[in-house]
Each structure stands twice: as structure tokens, then as C-alpha cells.
Amino acid sequence: MQDGAARRIDIEALREAFTRRFGEPARVFSAPGRVNLIGEHTDYNDGFVLPMAIGRRTYVAGAARSDRRIVAHSLSTDTGVEIDLDRPGAPQQGHLGDFVEGTARALMARNVAVGGANLLIDTEVPLGAGLSASAALELSVGFALASLAGQGSVDRVTLALAGQAAEHEYVGTRCGIMDQYIAALGEEAHALLIDCRSLEQRAVSMTLSGASVLVCDTRVKHDLASSEYNVRRADCEHAVAILSTLIPGVRALRDVTLEQLTEHAHALPEVVRRRARHVVTENARTLAAAHAFETGDLTRAGVLMNESHASLRDDYEVSAVELDAAVDAAVAVPGVFGARMTGGGFGGCAVVLVRDDAISAVSSAVSAKLRTEFGRDPEIFSSRAHAGAREESV
Ligand code: GLA
């Protein structure tokens with residue numbers, strides 16, 4: 001199914017719901033979820049990632065208020081929040097307010113004017129599936145608030161950084177920049193090769209002749225995800241603390257070559273060495289994969305995706321048995337170029353690069369495997385690449 005129209009939002013119905021609730025007309029803004037093709041756990045190491053925005057979006061209907069309050073309600077969680085822009089609320093309350101307040105304050109801290117607003121939010125991006133529902137929420141709210149305050153042409157990287165800051169300061173996750181960046185700057189028919197140090201990007205065409213990107217949501221989410229994420233970050237910082245004393249100019253794992261890592265391997269504890277090896281090899285794979293997609297070499301791109309999965313499973317240890325099973329089932333099907341887990345790991349989604357004529361065979365194989373081995377019914381959909389945050393026309 002194209003973009004897995006599990007739950008499609010009717011934009012006009014959202015506009016009408018806003019008017020019923022707030023008694024005035026609304027503008028509608030949106031931002032997408034994402035799937036990462038390759039470049040996992042590299043963003044917070046100043047490295048490279050290659051995500052694309054998917055067709056599922058979070059929508060925000062909104063209108064400016066004359067006071068300094070933000071009144072927001074989410075239809076998907078049926079929760080609401082009221083914020084006073086002149087009185088900062090407490091962070092990490094564990095609800096919608098963290099995203100709305102965090103984003104508003106991060107924009108103001110970056111000199112983007114934000115005023116009072118009424119917001120009605122709804123989403124097609126499932127929470128906790130590893131498709132970056134949080135970034136879609138931050139970017140749709142951030143873009144709505146900026147636009148309603150007359151700042152719609154605000155720099156997109158600033159919007160992405162504000163979303164990431166909301167995540168760090170209010171939501172409480174120390175994520176990298178990948179998810180917010182692609183939600184802000186995603187391009188139709190293109191993945192973005194993002195340099196997470198310079199924050200520059202190169203659009204990589206995803207107009208694949210006769211092939212598709214398939215997303216397999218295992219619908220599994222292990223509790224470990226956020227605690228282990230922070231442990232992995234700490235492992236990487238540990239590696240940099242040691243390697244920077246041995247190799248001049250090392251500020252992040254991005255600066256380390258595989259040769260240097262091999263030469264100094266004995267200086268690192270065994271686990272830290274494997275974590276660093278994942279990051280160093282994944283950066284190289286990501287650059288190589290961008291080139292492979294650009295030259296239409298899907299066989300090469302697929303091999304790199306398979307290697308990425310093995311590295312995430314064995315060296316970085318962020319996969320899950322369900323993800324391994326999905327990937328194994330996918331790569332065994334003729335016509336599959338490659339497959340890997342995507343996103344933070346410990347559940348969530350796998351991404352498969354597949355010839356169009358093998359899509360239904362892969363879907364059946366992955367579903368059958370997850371059903372028989374784990375009693376799970378995955379959701380599988382193909383996605384083309386979509387645009388980042390935007391205003392929806394009337
Ligand atoms: C999560 C984070 C991203 C990135 C990925 C792993 O999605 O939000 O910043 O670190 O995990 O690649």
C-alpha cells in the first residue's frame with residue numbers, strides 16, 4: 001500500500017473541527033514522519049545520514065490570538081494544554097505541553113517571534129513506531145507558530161534546531177538532528193544526505209526505476225529504547241575522550257578513519273571499540289550509499305544496507321529479534337536489494353529496498369515470519385519521498 005494510508009487526515013475536516021472548537025477560520029500546516037535509508041546513530045557523532053520524508057504527516061490547524069497564550073489540543077491523544085508565553089512552564093511533564101512549550105521557547109531563544117495561538121493537532125504518524133512522530137509534531141507546531149506570527153520564511157535549519165532543542169530541553173531525549181532536519185527540509189522525490197556537523201545537505205534522487213522503498217513496522221517497542229540510546233551516546237563520547245588524546249584534531253567519531261581506529265583499538269575498552277567501529281564504518285557506508293543511489297546502483301546500495309544492519313546488530317547492539325527476523329525474511333526474497341533496521345532501534349521499523357515486482361512477495365514473507373515467530377502483525381507500506389514542513393493550501 002502506498003504510504004500505508006492506515007489513517008488519512010482530511011484537511012478540510014480538520015479546518016472545520018478547528019472552527020467548531022475555536023469559532024474562527026484556520027490555516028493548516030504540516031510536517032512529515034521519516035524513514036532513514038542508511039546512517040544510523042551517526043548524527044550525534046557529527047556524521048552523515050540519508051533519510052527521506054514519508055507520506056504520513058502531522059497536521060496543525062491554527063490561528064493567531066491577540067494575547068500571549070497558546071491553546072493547543074491534540075485530536076489523536078485527546079489531550080490539551082494551555083501555555084503562557086510570558087511564564088515558562090516546567091519541562092518534562094510527559095505530555096503534549098512538552099512539545100508545544102519546548103518548541104515555542106526554542107524558537108524564541110533563536111529570535112523567531114512567536115505569539116499567542118490556538119492550535120488543533122492531528123497525526124498520521126504512529127507514536128513509538130520509529131517513524132519520528134515527535135519530530136513531525138515539533139516541526140508542524142514550530143512551523144505553524146512561526147507562520148502565524150508572520151515568520152513563515154524562517155530559515156529551515158533554525159526550525160529543525162528548535163525542534164531538537166525542544167526534544168533535549170522539554171521532552172527529555174538527547175536526540176541528534178536527523179529527524180527534525182528531514183521533517184523541516186525534506187524534498188519531494190529525494191532523500192537528503194545530511195552532514196550533521198555543517199548542517200548542509202545534498203538532495204539524492206529517489207526516483208528509482210522499477211524499485212521501491214518498503215517500510216515494515218514490526219509494531220514492537222522495547223522499553224530499553226531511550227535509556228540505551230543515552231548509553232550509546234555516552235559510549236561514543238568515551239571513545240572520543242580517548243581517541244582525541246591519541247589522534248590530533250579528533251572532535252567527534254566523524255573525524256576518525258577506520259585505519260586510525262584499528263591502529264588505536266587496543267586503547268579502547270572492548271564494548272566502546274565496537275560502538276566506535278559501527279559509527280566509523282556507518283559514516284563510510286552512508287557516503288557510499290548516497291553515491292550508489294545517485295548512480296542508480298541499487299545492488300550496491302542494498303549491500304550497504306545489509307552491512308549497516310549487521311553492524312547495528314553486532315557492534316552497536318541496538319537491533320531486536322523482531323527486527324532481525326524481518327530483515328532476514330526480507331533479504332531471502334529474490335528481488336530484494338537490501339534491508340536494515342531504521343531509526344533508534346529496539347523495535348520499530350525495518351526498511352527494505354526492493355524491485356517493484358517483488359513487493360508483495362516481501363510483504364508476505366515478512367508478515368508470515370513475524371506472525372509465526374512472534375505472533376505479531378507488522379504493517380508494511382511502500383513510500384516515495386515527500387516534502388518537509390509546509391502550509392496546506394485551501
Ligand atoms: C533517533 C534519534 C535520531 C538518531 C536516530 C538513530 O531517531 O532521534 O537523532 O540518532 O535515533 O540514527
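FYI, it's all coordinate maths here, none of it is from the lab. Because the structure is a prediction, the values reported are computed rather than measured. We place every Cβ from the backbone using ideal geometry, glycine too, and count neighbours over all the protein chains shown.
Is the shape of region 1-118 rounded, prolate or oblate, going by the alpha carbon gyration tensor and its root eigenvalues a ≥ b ≥ c, with a/c under 1.5 for rounded and a/b larger than b/c for prolate? Please list the in-between numbers first.
Values: a/c = 2.21, a/b = 1.24, b/c = 1.79.
Because a/c hits 1.5 or more and a/b fails to exceed b/c, region 1-118 counts as oblate.
With the contact rule set at Cα under 8 Å and sequence spacing of 6 or more, what percent relative contact order holds for the chain?
Details: 887 pairs, mean separation 92.7, N = 394.
Value for the chain: 24 percent.
Find the relative contact order for region 109-229 and round it to a whole percent, using C-alpha pairs within less than 8 Å whose residues are 6+ positions apart.
Working: 111 pairs, mean separation 24.7, N = 121.
It comes to 20 percent, rounded to a whole number.
Sort 318, 280 by Cβ crowding within 10 Å, fewest neighbours at the top.
318, 280
Give me the angle, in degrees from 0 to 90, between the Cα long axis of helix 321-331 and the longest principal axis of the Cα atoms of the chain, rounded to the nearest 10.
Taking Cα atoms only, the helix is inclined about 70 degrees.
Quick one: in region 104-248, what % of C-alpha pairs are over 27 Å apart? All intermediate terms of the calculation are to be shown ahead of the outcome.
Working: 3538 of 10440 pairs.
Above the 27 Å cut-off, region 104-248 has 34 percent of its Cα pairs.
Could you give log10 I(q)/I(0) at q = 0.11, 0.17, 0.19 Å⁻¹ for region 316-394, computed by the Debye formula over C-alpha point scatterers of equal weight, without solvent?
-0.33, -0.67, -0.79
Just want to confirm a number: the relative contact order over region 4-154, from Cα pairs under 8 angstrom separated by 6+ residues, in percent.
Relative contact order for region 4-154 comes out at 29 percent.
Taking R0 as 22 Å, what FRET efficiency do you get between residue 227 and residue 310 from their Cβ-Cβ distance, rounded to the nearest 0.05?
With R0 = 22 Å, the Cβ-Cβ based efficiency is 0.40.
Which number do you get for Rg(Cα) / (2.2 N^0.38 Å) in region 315-354?
Details: Rg = 9.9 Å, N = 40, 2.2 N^0.38 = 8.9 Å.
Here the Cα radius of gyration is 1.10 times the empirical estimate.
Per residue, what volume in Å³ does the convex hull of the Cα atoms of the chain enclose? If you can, show how the numbers build up before the last one.
Details: hull volume 53.2 nm³, N = 394.
It is 135 Å³ per residue.
Against the longest principal axis of the chain, how steep is helix 270-294, in degrees 0 to 90 to the nearest 10, with axes from Cα atoms?
Compared with the principal axis, the helix lies near 80 degrees.
Using only the alpha-carbon atoms, how far is helix 224-246 inclined from the longest principal axis of the chain? Give it as 0 to 90 degrees, nearest 10.
That helix lies at roughly 60 degrees to the long axis.
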